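Shown next, in structure tokens, is the structure this report addresses.
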Amino acid sequence: MKPARLNWIDYARGIAIILVAYRHVYEGAKQSGINVDQYKMLEYANIFFYSFRMPLFFIVSGIFISLSIQKSGIKKYIETRAKTILYPYFLWGALQLLLQMVFAKYSNGQPDPSSFLHMFYLPRELAQFWYLYALFSVSMLYLLAKFILKIPPVINLLIGLGMFYLSALLYQEALPKSFLVDALHHSFLFDLFHYYVFFVIGDMAGKFLLSQHFKSIATEGKYLLILFVLFLAVQTYFLFANLDNEAAKYMYVEFYQPFIFLLISMVGCTFMIFLTCWMDKKRILQWLTVLGRYSLYIYVAHVIVFAAVRTIMTKVFGIEDAIIIIFTGMLFGITVPVLLYRLADRFNMRWIFTLEKKKKNDSQNNSKNELEVEMKTAKF
């Protein structure tokens, strides 16, 4: 078990991966022809919880970059990111493409052999796997900017804000047509520009978020209540503004009101961080921390699992009810990857998910390292 002061991060990842799984399962069911329109609340939930889930992943990841490089150095950081993020991206991305080709009759995606080349420059063509490529790219750019070029944090934040706004202009196709603009819009660079600012925010706030001082503030119920009211207000705006602009495919606020979206997503992330700190203090729903620790493995495998579950339910058992399919798909899509990873770990097959070797007394070492992090940050 992690020291209590860091458990909130796994809580946050656990909540975020559930929301990510819900969106992918909902969209997968909708694209396969399942009648989701009969349950409007499913669609409302899909939009309501959309704004902050991916920014939260980038913020949480950014929190640890400075400590990781301070402890292990730049070379080790790059090597670790390649083994734990880039490797599963290529392995599981290729596997998903292969399965979609083999089971094309039952798959929503229709890739061909050339789709494997998209893994290098068009990760959005690999459905959910774009995130891993974006996370690796963002972390490498930030590594270059902060630790090699020595760009000050405030300048890095301004650069991130500029890139974020540029991504909105690219989405709107508001820039003059050119080869460069087309390359930025239709490549991995788009997500790099869009999410860089959240990684910067994570690093800038990291020392404070890991401190005991923040822990004492975040567990105060009155602050959580205030944030909850604000969270409901901004997410409600996000929901109805997007519903009123269906032509933008529910991306209206994110790309046509980018700085309003930035505010909404930051309110959502802040609320989630305070909520998970409070949950950690109360020791409630602790199974969420398990999902948080396995969030990467759930992410790479859940779509494949759900696609199989959906196909069996509809083609074998004739089940067409959207609620049954979506929540059964989520249950299997979240639990099966966890069980698969545990089996892989037990039978020395961790290479299915990562190239990072398991160290002896790994859990004890992790707890010791995390305790050292706490001791360093507690004096903030």
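Values in this text are rule-based calculations from the coordinates and carry no lab data. This structure is a prediction, so every number in the text was calculated from the model and none was measured. For neighbour counting, all protein chains shown are included, and Cβ atoms are generated from backbone atoms with ideal geometry for every residue, glycine included.
The table for this structure:
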{"read-out": "Selection from LEU170, TRP351, VAL154 lying farthest towards where the dipole of the chain points positive, charges on Cβ", "value": "TRP351"}
{"read-out": "Diffusion coefficient, µm² s⁻¹, Stokes-Einstein with Kirkwood Rh over alpha-carbon pairs of region 4-377 at 20 °C and 1.002 mPa s", "value": "99"}
{"read-out": "Neighbour cut-off at most 12 other Cβ (10 Å), DSSP loop, trypsin sites (Lys or Arg not before Pro), region 199-265", "value": "LYS249"}
{"read-out": "Cα radius of gyration and Dmax for region 288-330 (Å)", "value": "12.2, 35"}
{"read-out": "Estimated dipole of region 4-377 in Debye, rounded to 20 [Cβ of Lys and Arg +1, of Asp and Glu -1, Cα centre]", "value": "1460"}
{"read-out": "Unit charges at the beta carbon, dipole of region 38-149: most positive-side option, TYR121, TYR77, GLN96", "value": "TYR77"}
{"read-out": "Alpha carbon centroid spacing (whole Å) that separates region 203-226 from region 231-249", "value": "28"}
{"read-out": "Extension gain from THR84 to GLN286, taking 0.36 nm per residue of separation minus the Cα-Cα distance", "value": "70.2 nm"}
{"read-out": "Kyte-Doolittle at least 0.0, axis length at least 27 Å by Cα - qualifying DSSP helices, the chain", "value": "4-31, 153-172, 189-209, 221-243, 258-282, 322-346"}
{"read-out": "Added length on full extension, which subtracts the Cα-Cα distance from 0.36 nm per residue, GLN70 to LEU232", "value": "54.5 nm"}
{"read-out": "Which listed pairs, of LYS76/LYS150; LYS150/LYS207; LYS83/LYS358; LYS83/LYS249; LYS30/LYS249, have C-alpha distances above 24 Å, in listed order", "value": "LYS83/LYS249"}
{"read-out": "Stretch in the chain that is longest and holds no GluC sites (Glu not before Pro) that DSSP places in a loop and that have at most 15 other beta carbons within 10 Å", "value": "1-172"}
{"read-out": "Segment ALA174-GLU246, length gained on full extension (0.36 nm per residue, minus Cα span)", "value": "24.0 nm"}
{"read-out": "Ratio Rg/Rh [Cα only; Rh per Kirkwood] for region 181-283", "value": "1.06"}
{"read-out": "Neighbour net charge for PRO152 - beta-carbon separation under 15 angstrom, K R +1, D E -1", "value": "+1"}
